[in-house]
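The values are calculated or read from the model by the stated rules, or taken from the named source; none is laboratory data. All of these numbers come straight from a predicted model, not from anything done at the bench. All Cβ positions, even for glycine, are placed from backbone atoms using ideal geometry, and neighbour counts span all protein chains on display.
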Protein chains: 2
Amino acid sequence: MIKRVTLADVARQAGVSMQTVSRAVRDKDDISTETRERIMAIVNELGYRPSGIARSLVTQRTTTVGLMVPDIANPFFSEIARGVEDTAYAHAYSLFLCNAAEDIEREKAALNSLLEKQVDGVIICSPRLPMTDLFAYLEQFYYAVVFNRDLSEDIDKVRLIYVDDQEGTRLAWDHFVQLGHQKIGMLAGPVQSWSSQQRVASFRAACTSAGLDGCLELIEHCMPTIAGGLEGTERLLSDHPEITAILAFNDLVAIGALRGCQNLGRRVPQDIEIIGSDDIPLASLMTPPLTSLHVPHRTLGVTVMQSLIQLLNGEKPDPYRIIFHPELTLRCSAP
Amino acid sequence: MIKRVTLADVARQAGVSMQTVSRAVRDKDDISTETRERIMAIVNELGYRPSGIARSLVTQRTTTVGLMVPDIANPFFSEIARGVEDTAYAHAYSLFLCNAAEDIEREKAALNSLLEKQVDGVIICSPRLPMTDLFAYLEQFYYAVVFNRDLSEDIDKVRLIYVDDQEGTRLAWDHFVQLGHQKIGMLAGPVQSWSSQQRVASFRAACTSAGLDGCLELIEHCMPTIAGGLEGTERLLSDHPEITAILAFNDLVAIGALRGCQNLGRRVPQDIEIIGSDDIPLASLMTPPLTSLHVPHRTLGVTVMQSLIQLLNGEKPDPYRIIFHPELTLRCSAP
DNA sequence: CTGTTAGCGCCTTCAT
DNA sequence: ATGAAGGCGCTAACAG
């Protein structure tokens, strides 16, 4: 391993104390312009780089944050990650990326690792982690922003940002009803997901209040992927061929549903209509283009990181919850 | 800021030296089972977590690697990132994610930051960074894997992994020629991109050797995005309406081209045929499904990280260059 | 098997 | 404006 150039090396070469070099490097003002320039010349000559590790040990800050997502290959999360990274960069924070990969043990391992890395703050997009575990972790992090799930209790150093899934579900439901549908099915995503639970609750309430109790049986859980949507659709339609409309957990599931319908010879939107969720770039590119519940993904990422930065700066961001409202973007799959 | 529990705290409580606690925590074997258990009980009770920072300062290792990509929101790179993260996790490394965002200054800033963070190794996907800058950085990192670009000089601590773009271009070209095309255009991506340069070179060579010198004028550079493909197609087809086939820099550009053709009333594949590159999941979902040069994205990510891990382990991965060969996956846009 | 000593590279505090 | 002393939390190397 190459020997690092240290403050001491620069100090020796410059004939000053380490302290003076440190001041020059950090651009502090109680130092003469002349010495500063002389020192910086030597810094460049020697190729000195301050050790972030040593610095962090003493300052107890790492200028580092963690981002935990279920799957970075999912366009919804990669867009969010992009927003987070852009904002982190703008504020000189580095970003640890962790992928839960639908595996709770792995998720815990990743959070433990973030804790050991001593991130200054963390963003947790974790629809599955049991609430007690989540609370246990939140307690240990300095600051945290939790994305897309609500907590039963407000914690001072935490902020919440989520999409109002109940509202989204209602919007989609109302649209279907307005189009005259009576047999509306739901591909509800993973059972343990908070977001899924919200939607199911909202869907159930809508069924009952619309007097369409038959739809209560038309809820099918599935993986939040194209394959999951495909399988879910096949199960749903083979059990309930009477379905004429499907509300999907997200756009990937909706695309799977599109495929599933095609496989079963059901035309979209003539025989069956589909509404997706999140409005990822893909949605508008499909044939037929997908009607979807739009949320501004990248903005979501930016907002999440901005809130974390406020916390990091010792501010108390208000409100405690930032709630995004999905908008139904009409396209051909449910015009 | 909450007071950390330190080794000293645990040691005091357990009535042993810090060293013994350290051994227990790191699961070293020269310690009696009895003391280990007693200590671990106290560790749990006190909620002690080792400080990665302090540990790194003394070991000079951070168990951290950096990943630099142009744009994490681009499905090609998010798939790669997924492969990298999975593999990093499997080997207990944490991943810093950096986004160059098509901005060379930002890219340098990110690399500087990785250097200060003292990552053990770095993966650089940087098609644009000038070669001299790249070499300067490679010199400063302990280990590096460079993705999708070749270097004029072999460096001991570096490995190279790339897709053979010349071969890919040839495959696509040959397919077009076989289909009878004479006016083949190219949407070549960003001028500064190494990958773009490879393809242009290969395209040029193919033009000449096929006696289709007219095609030399049908090369249009563009941003590597859907919007870039759209604009590029409009420029290309308005200048050269005689074009009947387009080879796109990547699938996003190909999708833009698809759109552009539709806007201009040219049907794909009847009036004009299109071949994309990378075969991202989107490609097969388009209408018409896109013919594309397939590369195994996630495997690419896994391979890149595996090579880095070998370097990190002090091995000398052989061969120096791992080259992936794209395969032409035929779909409807150029059957 | 356990403890002691000596830093890792830097910043904070206090002197000068 | 500059320097000296002390310590951040941990581990490597050596004793015992």
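Scan segment B:299-310 and tell me whether some residue there is surrounded by fewer than 18 Cβ atoms within 10 Å (Cβ to Cβ), within 14 Å of chain A (Cβ to nearest Cβ) and modelled with pLDDT of 95 or more. Scanning segment B:299-310 turns up at least one residue that is surrounded by fewer than 18 Cβ atoms within 10 Å (Cβ to Cβ), within 14 Å of chain A (Cβ to nearest Cβ) and modelled with pLDDT of 95 or more.
Residue B:147 meets the conditions (1) under 30 Å from residue A:70 (Cβ atoms); (2) at pLDDT 95 or above; (3) facing another protein chain (nearest Cβ under 10 Å) in every case but one. The failed one is (3).
Selection of segment B:100-144 for residues being β-branched (Val, Ile, Thr), away from every other protein chain (no Cβ under 11 Å) and in contact (Cβ under 8 Å) with a residue 40 or more places away in the chain yields B:122, B:123, B:124. The set of residues from segment B:249-290 being under 22 Å from the mean Cα position of the chain (by Cα), among the β-branched types (Val, Ile, Thr) and farther than 21 Å from residue B:201 by Cα comprises B:255, B:280. Filter segment A:233-242 down to the residues that are more than 15 Å from residue A:189 (Cα to Cα) and either surrounded by fewer than 18 Cβ atoms within 10 Å (Cβ to Cβ) or in contact with a helix residue (DSSP H, G or I) (Cβ under 6 Å, 6 or more places away or on another chain) (or both) and list them by number. Hits for segment A:233-242 are A:238, A:239, A:240, A:241, A:242.
The set of residues in segment A:37-62 that are surrounded by 15 or more Cβ atoms within 10 Å (Cβ to Cβ), aliphatic (A, V, I, L, M) and under 42 Å from the mean Cα position of the chain (by Cα) comprises A:40, A:43, A:53, A:54, A:57. A search for C-beta distances below 8 Å between a residue of segment A:46-72 that is at the interface with chain B (Cβ under 10 Å from one of its Cβ atoms) and any residue that is near DNA strand C (Cβ under 7 Å from one of its atoms) and among the hydroxyl-bearing types (Ser, Thr, Tyr), counting only pairs 6+ apart in sequence or on different chains, returns A:51/A:6. Cβ-Cβ distances below 7 Å connect the following pairs, each with a first residue in segment B:193-208 that is more than 12 Å from residue B:127 (Cβ to Cβ), a second residue that is assigned to a helix (DSSP H, G or I) and at pLDDT below 95, and a separation of six or more residues or different chains: B:204/B:216; B:207/B:213; B:207/B:215; B:207/B:216.
Restricted to segment B:1-10, and to residues there that are near DNA strand D (Cβ under 9 Å from one of its atoms) and within 14 Å of chain A (Cβ to nearest Cβ), the residue that is surrounded by the fewest Cβ atoms within 10 Å (Cβ to Cβ) is B:3.
The requirement of being in contact (Cβ under 8 Å) with a residue 60 or more places away in the chain, surrounded by fewer than 16 Cβ atoms within 10 Å (Cβ to Cβ) and more than 9 Å from chain B (Cβ to nearest Cβ) is fulfilled somewhere in segment A:90-99, by at least one residue. Tell me which residues, restricted to segment B:187-234, are within 21 Å of the chain's Cα centre (by Cα) and charged (D, E, K, R). B:199, the sole residue that qualifies.
Identification of helices (runs of 4 or more DSSP H) wholly contained in segment A:182-286 with 1 or more residues that are within 14 Å of chain B (Cβ to nearest Cβ) yields A:226-239, A:251-263, A:281-285. Any residue in segment A:239-266 that is without any contact (Cβ under 8 Å) to a residue 24 or more places away in the chain sitting within a Cβ distance under 8 Å of a residue that is surrounded by fewer than 24 Cβ atoms within 10 Å (Cβ to Cβ)? List the pairs, counting only those 6 or more apart or interchain. Matching pairs, first to second residue: A:262/A:268. Applying the criterion of being under 20 Å from residue B:325 (Cα atoms) and touching a strand residue (DSSP E or B) at 6+ places or on another chain (Cβ under 7 Å) to the residues of segment B:174-185, the residue that is surrounded by the fewest Cβ atoms within 10 Å (Cβ to Cβ) is B:175. With a requirement of 3 or more residues that are of a type outside the set (S, T, N, Q) and more than 12 Å from DNA strand D (Cβ to nearest atom), the helices (runs of 4 or more DSSP H) lying completely within segment B:11-81 that satisfy it span B:33-46.
Taking the criterion of being over 24 Å from residue A:139 (Cβ atoms) and away from DNA strand C (no atom under 16 Å from the Cβ), no residue of segment B:30-62 qualifies.
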